[in-house]
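The values are calculated or read from the model by the stated rules, or taken from the named source; none is laboratory data. Keep in mind it's a predicted model, so treat the numbers as computed, not measured. Here the Cβ positions follow ideal geometry from the backbone for every residue, glycine too, while neighbour counts run over all protein chains shown.
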Amino acid sequence: MTAVTTGSAPAQRRRLLGHAAILTTALLWGSLIPVLDILLAYMDVFALSMIRYGIAGLLLVGGLIIAGGIDWLRPLPFGKVLLLGVVGIAGFATFYTLAIAYSAPGTAIVINSATPIISAVFAAVVYRVPFQPGTGVAFLLAAIGAATSSLGREGAGHGTRSTRKLGLPDSARCNCQR
């Protein structure tokens, strides 16, 4: 039996690259909270935020140069873009890192899971963008994911930093040390 393929070989490679890129993004984004929680034991909140976005900025500029240059940036209003970057992105990074440092990772997971719901409601109220078909199901799945992530294990979000480094609830960590 022959395999059914759609599109040319270059199109299939681009699609595969796209799938790999989105999978990598999901893995990196999903690991953000636990990794930040571990790094916060060793680094200052503000330095960690600066390092995260400094590395991302360098990678973005490198990608832009490789992809064909930065000529398209010239007509953009530099002051507004800088303000958006400083207030929006740097502010988000710093406050999000502060939240993980002074709250519990379980709380950050719940808040992070609610972000699509907040964005959709904000767009509906402010920009009058109607909810798309399936939005209710997406809201339900986000709520289930948040509940599972934060309540799915004993002591989630309430353990010590060393417990969270191991990914174990307090009771399991204590049992392992006995």
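Here's the yes/no breakdown for (1) outside any helix (DSSP H, G or I); (2) of a type in the set (A, V, I, L, M, F, W, C); (3) farther than 25 Å from Phe46 by Cβ; (4) modelled with pLDDT under 80:
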residue: Thr94; (1), (2), (3), (4): no, no, no, no
residue: Gly106; (1), (2), (3), (4): no, no, no, yes
residue: Ala114; (1), (2), (3), (4): no, yes, yes, yes
residue: Ala120; (1), (2), (3), (4): no, yes, yes, no
residue: Ala124; (1), (2), (3), (4): no, yes, yes, no
residue: Leu140; (1), (2), (3), (4): no, yes, yes, no
Near pairs, Cβ below 6 angstrom, 6+ apart or cross-chain, from segment 55-72 (surrounded by 10 or more Cβ atoms within 10 Å (Cβ to Cβ)) to any residue that is assigned to a helix (DSSP H, G or I)
Ile70/Leu64
Out of (1) in the same structural domain as Val45 (by TED's automatic domain parsing); (2) more than 22 Å from Leu48 (Cβ to Cβ); (3) modelled with pLDDT under 80, what's the single condition that is false for Pro77?
(3)
Quickly run through segment 11-42 and pick out the residues that are touching a Gly at 6+ places or on another chain (Cβ under 8 Å) and either modelled with pLDDT of 85 or more or among the hydroxyl-bearing types (Ser, Thr, Tyr) (or both).
Arg15
Selection within segment 19-58 - part of a loop (DSSP other than H, G, I, E, B) and of a type outside the set (Gly, Ala, Ser)
Leu40, Tyr42, Met43, Asp44
If you go through segment 43-53 one residue at a time, do you hit one that is in contact (Cβ under 8 Å) with a residue 24 or more places away in the chain and among the basic types (Lys, Arg)?
yes
Being among the small types (Gly, Ala, Ser), touching a residue at least 24 places away in the same chain (Cβ under 8 Å) and surrounded by 10 or more Cβ atoms within 10 Å (Cβ to Cβ) narrows it down to one residue among Ala99, Ala108, Ala21, Ala11; which is it?
Ala108
Take Ala93 and decide whether it is aliphatic (A, V, I, L, M) and not assigned by TED's automatic domain parsing to the domain that holds Ala142.
yes
The one condition in (1) within 26 Å of Gly91 (Cα to Cα); (2) touching a Ser or Thr at 6+ places or on another chain (Cβ under 9 Å); (3) surrounded by 12 or more Cβ atoms within 10 Å (Cβ to Cβ) that Pro34 fails to fulfil:
(2)
